[in-house]
Amino acid sequence: MQKIILASQSPRRRQLLEWAEIPFDVVISDTDERYPPGLSFEDVAKYIAHHKALAVRDKLGAGHPMPILAADTIVVCDNEILGKPVDEDDAIRMLETLSGRDHQVITGVSIISPEREILFADVTDVSFHALNKDQIRYYVEQYKPYDKAGAYAIQEWIGVVGIRSVKGDFYNVMGLPVSRVVQALAHFS
């Protein structure tokens, strides 16, 4: 597989690409993560991912030959997007919202090159066991999930003890539906 540019500083996305043995370099560019009103949840994730990819393309130059991969993950519960928590209280509030409930994790993916663009979203349904206040506080204090949508990472302690079920791509919940990415990258070879 040809080398790509990963437009993300997420250690989880890097790890998933390494596991898939996709060669990559990391290039990031600050991007505004606001989106226009009225978009569906899937379109929100795709919109933000695509703008991340475009920002890196602009940084590298429009004729840069390597495909650029960008992604954005959101958590949706009760028709509300739970983004990255701003502080401890916000993280606790989000986890209390998710406790004992079902939610969706949606990752938008944008892959662009001078010849081609692929844009898609992957949706995974996740169900949490009911978590008590001590479990939630322990997780937030120990793992500080401030850089994670929905204030949790499925591969950490809370995923091991708190997740009842996952329907869809587990790796999507980690931040990248890597099997779909591999399939999409085949079109860039």
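The values are calculated or read from the model by the stated rules, or taken from the named source; none is laboratory data. Worth saying up front: this structure is predicted, and the values here are computed from it rather than measured. All Cβ positions, glycine included, derive from the backbone under ideal geometry; neighbour counts span all protein chains shown.
Let me confirm something: among 127, 110, which residue is in contact (Cβ under 8 Å) with a residue 24 or more places away in the chain, over 27 Å from residue 165 (Cα atoms), of a type in the set (Ser, Thr, Tyr) and outside any loop (DSSP other than H, G, I, E, B)?
None of the others qualify; the one that does is 110.
With touching a Gly at 6+ places or on another chain (Cβ under 8 Å) and not β-branched (Val, Ile, Thr) as the only criterion, which of 54, 16 stands out?
Result of the check over 54, 16: 16.
Could you count how many residues in segment 162-183 are crowded, with 16+ Cβ neighbours inside 10 Å and basic (Lys, Arg)?
1
Being part of a helix (DSSP H, G or I) and crowded, with 22+ Cβ neighbours inside 10 Å is the filter here, so list the residues in segment 146-161 that pass it.
Within segment 146-161, 149, 150, 151, 158 meet the criteria.
Check residue 20 against each of (1) closer than 16 Å to residue 174 by Cα; (2) free of Cβ contacts under 8 Å to residues at least 24 places away in the same chain and name the one condition it does not meet.
(2)
From the list 7, 53, 45, which residue is buried (at least 19 other Cβ atoms within 10 Å of the Cβ), touching a strand residue (DSSP E or B) at 6+ places or on another chain (Cβ under 7 Å) and within 22 Å of residue 124 (Cα to Cα)?
Exactly one residue qualifies, and that residue is 45.
Could you grab me the full set of residues in segment 128-161 that are among the hydroxyl-bearing types (Ser, Thr, Tyr), more than 14 Å from the chain's Cα centre (by Cα) and under 18 Å from residue 82 (Cβ atoms)?
139, 143
Please work out if residue 28 is among the β-branched types (Val, Ile, Thr), within 19 Å of residue 147 (Cα to Cα) and not in a strand (DSSP E or B).
Yes, satisfied.
Give the residues of segment 60-96 that are basic (Lys, Arg) and modelled with pLDDT of 95 or more, sorted by residue number.
93
I need the full set of residues from segment 49-95 which are assigned to a helix (DSSP H, G or I), among the acidic types (Asp, Glu) and in contact (Cβ under 8 Å) with a residue 24 or more places away in the chain, in order please.
Across segment 49-95, the qualifying residues are 58, 88, 90.
Need the failing condition index for residue 39 against (1) without any contact (Cβ under 8 Å) to a residue 24 or more places away in the chain; (2) more than 18 Å from residue 107 (Cα to Cα), just the number.
(2)
Just to check your reading of the model, which residue among 123, 140 is among the aliphatic types (A, V, I, L, M), surrounded by 14 or more Cβ atoms within 10 Å (Cβ to Cβ), within 19 Å of residue 16 (Cα to Cα) and modelled with pLDDT of 95 or more?
When all the criteria are applied, what remains is 123.
Residues of segment 56-104 being touching a strand residue (DSSP E or B) at 6+ places or on another chain (Cβ under 7 Å), of a type in the set (Val, Ile, Thr) and surrounded by fewer than 17 Cβ atoms within 10 Å (Cβ to Cβ), which ones?
Selection gives 81 alone.
When you go through 140, 181 one by one, which is the residue that is within 29 Å of residue 7 (Cβ to Cβ) and touching a residue at least 60 places away in the same chain (Cβ under 8 Å)?
181
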